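**Q** Would you mind keeping the following structure in view while I ask a few things?
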Amino acid sequence: MCELRKSFLENGIHYTLHGDYYFPDFTDPEDCGSLGKWADLHLAFLKEHQPHAYVEMLFADKLVPYLRDLQTQTEDRYQRLVEQMRQAEGVTEEWKARDPMAWVGRMNEIAARAREMVMGEWVNR
């Protein structure tokens, strides 16, 4: 009787023998916990709107690194947008000290616009 190989690579997917069956090796993002707000949102988008890309990256074990990279880049972009808008609109620390409620309201508007931009540019693409 022929001995089965412990693992092999086929079509870019690595398989490992478990009992009598070969299963693809991949890191399930669900097992990693939350990868961050933006990564979690993009993961949900991929599952719903681009299932083929989701499965392809999952089985090639590229999904988790892709989501971690996306989280980092998206968070950086969001922070830069908030800071640029804050400066462009003159929302300063002096204003915060003078009228905290107005400052909070304006910062919430800025954050909402930045979230909307990031969602369109990075998350829902």
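The values are calculated or read from the model by the stated rules, or taken from the named source; none is laboratory data. Given the structure is predicted, the values throughout are model-derived calculations rather than measurements. Reconstructed Cβ throughout: ideal geometry from the backbone, glycine too, with neighbour counts over all protein chains shown. The area values use the complete protein model at the heavy-atom level, side chains included, leaving out ligands, DNA and RNA. Shrake-Rupley method; radii C 1.70, N 1.55, O 1.52, S 1.80 Å.
**Q** Would you work out which of G19, S34, F8 lies farthest towards the positive end of the dipole of the stretch 4-43? Charges go on Cβ: Lys and Arg +1, Asp and Glu -1.
**A** My answer, from the dipole projection, is F8.
**Q** For Cα pairs less than 8 Å apart in space and 6+ apart in sequence, what is the mean separation divided by the residue count of the chain, i.e. the relative contact order in percent?
**A** On the way: 97 pairs, mean separation 27.6, N = 125.
About 22 percent, as a whole number.
**Q** Tell me which lysines have Cα within less than 23 Å of K37's Cα, excluding those fewer than 8 residues away on the same chain?
**A** Those lysines meeting the cut-off are K47, K62.
**Q** Using 0.36 nm per residue of separation minus the Cα-Cα distance, give me the extension gain between E75 and H49 in nm, one decimal.
**A** Stretched out fully, the E75 to H49 stretch lengthens by 7.1 nm.
**Q** So, one more: Determine the shape class of the chain: with a ≥ b ≥ c the square roots of the Cα gyration tensor eigenvalues, call it rounded for a/c under 1.5, and otherwise prolate if a/b is greater than b/c, oblate otherwise.
**A** It comes out prolate by the Cα gyration axes.
**Q** Given a 1.4 Å probe and every protein chain left where it sits, what share in percent of the accessible area of the chain is carbon and sulfur?
**A** With neighbouring chains kept in place, the figure for the chain is 54 percent.
**Q** Turning to a different aspect of this structure: Enumerate the amide H contacts of L35 below 5 Å, restricted to partners 5 or more residues apart or on another chain; note that Pro and chain-start residues carry no placed amide H.
**A** D40
**Q** Could you pull out which residues in the stretch 71-94 have an amide N less than 17 Å from a spot 7 Å beyond the Cα of V104, following the Cα-Cβ vector?
**A** Under cut-off, by backbone N: 92-94.
**Q** Just check the stretch 1-41 against the gyration tensor rule for me: Cα atoms, a ≥ b ≥ c as the square roots of the eigenvalues, rounded for a/c under 1.5, and otherwise prolate or oblate depending on whether a/b exceeds b/c.
**A** Prolate.
**Q** Can you figure out the FRET efficiency of H18 with E116, using R₀ = 41 Å and their beta-carbon distance, to the nearest 0.05?
**A** It comes out at approximately 0.35.
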